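Single-structure report; data block below.
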Amino acid sequence: MAKPPLQPDVPAILTQRTNDSLAHNAAVNPNGIAYRMLEGGQIVTWLELEQRSRRCAALLLERGLRSGDGIAVYLDNHLRYFEILWAAHRIGLYYTTVSRHLKAAEVLYIVNDCGAKALFTSASALASAGGDLTAGTEHLNRFSLDARVPGFEDYESALQAMPREVTLPETPEGTDFSYSSGTTGLPKGIKRPLANANNHFVAQPSERTVWKNFDRDTVYLSTAPFYHTAPVRWNMNVMRQGGSCVLMEKFDAALALAAIEKYRVTHSQWVPTMFIRLLRLPEQERLAHDLSSLRFVVHAAAPCPAWAKQAMIDWLGPILYEFYSGTELVGRTSLNSFEWMQHKGSVGRPEFGAVHILGEDGQPLPAGEPGVIWFSGGPPFEYHGDPEKTRQARNAEGWATYGDIGYLDNSGYLYLTDRLANMIISGGVNIYPQEAENVLTQHAAVHDVAVVGVPNQEFGEEVKAVVELSQGFEGTDALARELIGYCRDRLSALKCPRSVDFVSALPRTETGKLLKRQVKRSYWPQANTISPELSKEPRP
């Protein structure tokens, strides 16, 4: 097929700053699709993305932002989301993406803590924030997309006031300035020097990491909210290499399968709860789609029950790739389907550095014995504005941890047991609730489950399962007894719940992380009032 002719202003792009992958993609494939919105149907070409992100960069420069400064983005999965990130990337800015589900006080905490000099949002995001985002942010350049909002400039008008052709300064690449999800406390900002911030996000040629080697033939299905670290980094890297992204406004299992078939998706990224939603579709619906274009089905963010992963491999073939990492990037492990089938339940071997399993006394533990997972050899990072927390993130050897519990097998493959913060101590015995959760998710009545420790006068804590039911099931005492028995048939009774509560919904982030802190609040007297996200249903 003949390439489309270059548009008149494309030669000007070629004269801009070096190592500008977006300008290069626009020059060689101006009418190609950089990304498309799945439900809305809008498409953004390389030339449009190049020009609009250049104008946005010019706008930020005009407002006085310089390399090393930062912006904050508080939006839903919006058509213009990635042009804003690309603008920051191209002029050496940090970009902090804020969860669309946070309320005003939470948003303001992150915006102020990261030191942003500009805030991008929308009328719908502001409405859901439930508060005033202008108070205390008078120093910010505030832009609203889609609608005029008091206290915010209209983004489109500000953008159109910028020249179409402007030379961008030579700077280091910008990068994300991400915040932890705050599942165990206030969100923490993770910041890296711009000079090498992106090194570990771009795959080096390796047989083990072939699933991260994007090119112009890549079609990537992005299933998660854009604000999360993985969608930010993966979408940006796919576009950096000239691949095309298919962006879901909101995850829907059936819609995802249809998108794979329609757009011949080659790469996709998921979390385990999405796998379970896919597997619970009627078999006729699952098998109705041609998924033969898929080459890489990548998952992370939360532990995947072995039964669900095996079912996905049986369905799609050995194209599943798993990685274990975190926003801090203190270390990363990964493995392919063949490795996993030989080491079922593992999250792989290190891609860089080494894994160490240490006991409570800080001493190394032998293979097969669970302890705190520590990594050595990872890139430097700091918790923004908190040198003491940064110091505490590493031990005396300089190793760092995500706070997870796990063990190594004799071949050096890592297995996750649970998070240290989730551990239940009952009668002096350590219990890791993930084991019971993995069992209970296999029961047809269980749509979602959290296993937590609740007060027990004799043992300190006891094990409770909090269950969100599948459609068609009722939360009866008989079903509670059935679930306890189901678990005891497969695990030691010590690890199984002694009681079951049924709730209308469990609080999870859209990336699949269970907010156990919110679940536990309703059971501990010293906790705050129960979260509105977790409303108990009375037993019938």
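The values are calculated or read from the model by the stated rules, or taken from the named source; none is laboratory data. As the structure is a computational prediction, the values presented were derived from the model and not from experiment. Every residue, glycine among them, receives a Cβ derived from its backbone with ideal geometry; neighbour counts consider all protein chains shown. SASA here: full protein model, heavy atoms, side chains in, ligands and nucleic acids out. Shrake-Rupley method; radii C 1.70, N 1.55, O 1.52, S 1.80 Å.
What to note about this one:
- Hey, Leu145 in contact (Cβ under 8 Å) with a residue 60 or more places away in the chain and closer than 16 Å to Val98 by Cβ or not: yes
- In region 392-421, of all residues being out of contact with any helix residue (DSSP H, G or I) (no Cβ under 6 Å at 6 or more places or on another chain) and at pLDDT below 85, the one that is farthest from Val347 (Cα to Cα) corresponds to Gln392.
- Considering Asp501, Asp489, the condition of being more than 27 Å from Ser180 (Cβ to Cβ), of a type in the set (Asp, Glu) and without any contact (Cβ under 8 Å) to a residue 24 or more places away in the chain is satisfied by Asp489 alone.
- Yes/no for Leu221 being at pLDDT 95 or above, part of a strand (DSSP E or B) and either open to solvent by 10 Å² or more (accessible area, probe 1.4 Å) or aliphatic (A, V, I, L, M) (or both): yes
- Across region 322-338, the qualifying residues are those that are more than 16 Å from the chain's Cα centre (by Cα) and open to solvent by 30 Å² or more (accessible area, probe 1.4 Å), and the one among them that is farthest from Thr175 (Cα to Cα) is Phe338.
- Close pairs (6 angstrom Cβ cut-off, 6 or more residues apart or separate chains): aromatic (Phe, Trp, Tyr) in region 246-273, in a loop (DSSP other than H, G, I, E, B) anywhere: Phe251/Thr223; Trp270/Thr223
- Entirely in region 376-494, the strands (runs of 3 or more DSSP E) that have 3 or more residues that are under 18 Å from Gly326 (Cα atoms): 404-408, 414-419
- Close contacts from region 326-340, counting a first residue that is within 13 Å of Ile373 (Cα to Cα) and a second that is hydroxyl-bearing (Ser, Thr, Tyr), with Cβ to Cβ under 6 Å and a gap of 6+ residues or different chains, come to Gly326/Tyr402; Arg332/Ser325; Thr333/Tyr324.
- Residue match in region 504-521 (condition: touching a helix residue (DSSP H, G or I) at 6+ places or on another chain (Cβ under 8 Å), modelled with pLDDT of 95 or more and under 15 Å from Pro433 (Cβ atoms)): no
- Cβ pairs under 6 Å, 6+ apart, first in region 40-53 and closer than 17 Å to Gln241 by Cβ, second assigned to a strand (DSSP E or B): Val44/Ala34; Val44/Tyr35; Trp46/Ala34; Leu49/Ala34
- Helices (runs of 4 or more DSSP H) fully within region 252-368 that include at least 1 residues being of a type in the set (A, V, I, L, M): 253-263, 272-279, 306-316, 337-342.
- Residues located in region 54-84, provided they are more than 24 Å from Leu108 (Cβ to Cβ), buried (at least 22 other Cβ atoms within 10 Å of the Cβ) and of a type in the set (Ser, Thr, Tyr): none
- Scope region 477-497; condition open to solvent by 40 Å² or more (accessible area, probe 1.4 Å) and touching a Lys or Arg at 6+ places or on another chain (Cβ under 7 Å); matching residues: Asp477
- Candidates Leu108, Leu119, Leu85, Leu133 - the one that is touching a residue at least 24 places away in the same chain (Cβ under 8 Å) and in a loop (DSSP other than H, G, I, E, B): Leu133
- Restricting attention to region 150-199, the residues that are in contact with a Leu (Cβ under 6 Å, 6 or more places away or on another chain) and part of a loop (DSSP other than H, G, I, E, B) total 4.
- In the set (1) surrounded by fewer than 18 Cβ atoms within 10 Å (Cβ to Cβ); (2) out of contact with any Ser or Thr (no Cβ under 8 Å at 6 or more places or on another chain), the condition left unmet by Ala421 is number (2).
- Filter pass, Ser376 being open to solvent by 40 Å² or more (accessible area, probe 1.4 Å), within 24 Å of Ala302 (Cα to Cα) and not aromatic (Phe, Trp, Tyr): no
- Hits in region 389-409 - residues which are within 24 Å of Lys495 (Cβ to Cβ) and open to solvent by 60 Å² or more (accessible area, probe 1.4 Å): Tyr407
- Criterion violated by Tyr227 - all others in (1) within 23 Å of Arg36 (Cβ to Cβ); (2) in a helix (DSSP H, G or I); (3) of a type outside the set (A, V, I, L, M) satisfied: (2)
- Of all residues in region 257-290, those that are within 19 Å of Glu322 (Cα to Cα) and crowded, with 18+ Cβ neighbours inside 10 Å total 13.
- Asn410 being over 30 Å from Leu278 (Cβ atoms) and free of Cβ contacts under 8 Å to residues at least 24 places away in the same chain: no
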